[in-house]
Amino acid sequence: MLIPLVDAQFFREIRFIATDMDGTLTQGEKFTPALFQALESLAEAKIEVLVTTGRSAGWVHGVKHYFPVAGAIAENGGVFYAHDSDIPQMLTPITDISQHRQKLAAMFDQLREQFPQLQEAEDNRFRLTDWTFSVAGLGDRDLQTLAKICQQEGWGFTYSTVQCHIKPLAQDKATGLQVVLDRHFPQITPQQLVTIGDSPNDESLFDRDRFPHSVGVANVLPYRDILTHCPTYITTLPECAGFCELVSLLVKK
């Protein structure tokens, strides 16, 4: 059962937000003035924000530079950029990036033998740990089949409203987030953290055993029947409007 966010009681405790980006910080695939106003309100309230996204390491480097955030995790838990550093920190141990990417490309080619319509994402050239292709035109059954093939070959698979990801088996947002918290924000307790997202690649952030205060923006609802972990709380509004709904409750606590 998803609890309406307005009924939550944790607001006074929160000092840190770990948030997805696409479909959570965006509105209609765009960043809006409302987002930046919300981020400024959080900064004034001394609540830190960490972006955790499936976007590429190259793309996220810019996000952490221009957004008022403590840092950003890219590639669904694979890479971290601290706000004050341009050096990517690998969260998934990979000894040979070049060889790793060759193996990812081979896995993608194998998927295309069964799904020839798959379109490689243009941002793969900026990626380190995973391989992406467009989710457009893929139904639930297709996505389940793709996940099964990847798992049989020793790879993980996830998807968002934007892309599908072939990734190392143990790589996910929750694992990457925990590494970043332990290394850089050890003072933050689970009770002081809220996680928020909107799609299956955020599922690990909804694990109540790890993150008791998890929130789904309203556009997560179409996925609730296929998620092993559902968010504890749900916003009234979708996308960035839902994120702003959370921010409003936090800064007025």
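The values are calculated or read from the model by the stated rules, or taken from the named source; none is laboratory data. The structure presented is a predicted model; accordingly, all values stated were derived computationally and were not measured. Neighbour counts run over all protein chains shown; Cβ positions are idealised from the backbone, glycine included.
Observations
- Residues in the range 130-141 that are outside any strand (DSSP E or B) and buried (at least 17 other Cβ atoms within 10 Å of the Cβ): D130, V135, L138.
- Picking from residues in the range 22-36 that are in a helix (DSSP H, G or I) and in contact (Cβ under 8 Å) with a residue 40 or more places away in the chain, the one that is surrounded by the fewest Cβ atoms within 10 Å (Cβ to Cβ) is A34.
- Counted residues, the range 38-88 - those being free of Cβ contacts under 8 Å to residues at least 12 places away in the same chain and either part of a loop (DSSP other than H, G, I, E, B) or under 21 Å from L250 (Cβ atoms) (or both): 3
- Positions within the range 114-124 being closer than 17 Å to T158 by Cβ and either loosely packed, with under 11 Cβ neighbours inside 10 Å or of a type in the set (F, W, Y) (or both), in sequence order: F115
Yes/no matrix, rows are residues, columns are (1) touching a residue at least 24 places away in the same chain (Cβ under 8 Å); (2) out of contact with any Cys (no Cβ under 9 Å at 6 or more places or on another chain); (3) of a type in the set (D, E, K, R); (4) assigned to a helix (DSSP H, G or I):
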| site | (1), (2), (3), (4) |
| --- | --- |
| Q178 | yes, yes, no, yes |
| S204 | yes, yes, no, yes |
| D209 | no, yes, yes, no |
| P231 | yes, yes, no, no |
| L237 | no, no, no, no |
| E245 | yes, yes, yes, yes |
| L249 | yes, yes, no, yes |
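- Residue check for R127: within 30 Å of I14 (Cα to Cα) and surrounded by 12 or more Cβ atoms within 10 Å (Cβ to Cβ): no
- Residue in the range 82-114 that is farthest from the chain's Cα centre (by Cα), counting only those that are of a type in the set (A, V, I, L, M) and more than 25 Å from L146 (Cα to Cα): I87
- Restricting the range 213-243 to residues that are in contact with a strand residue (DSSP E or B) (Cβ under 9 Å, 6 or more places away or on another chain) and of a type in the set (S, T, N, Q), the residue that is surrounded by the fewest Cβ atoms within 10 Å (Cβ to Cβ) is T236.
- Of all residues in the range 148-165, one or more are assigned to a loop (DSSP other than H, G, I, E, B) and either among the charged types (D, E, K, R) or at pLDDT 95 or above (or both).
- For the range 1-21, the set of residues classified as in contact with a strand residue (DSSP E or B) (Cβ under 9 Å, 6 or more places away or on another chain) and surrounded by fewer than 10 Cβ atoms within 10 Å (Cβ to Cβ) consists of D7 only.
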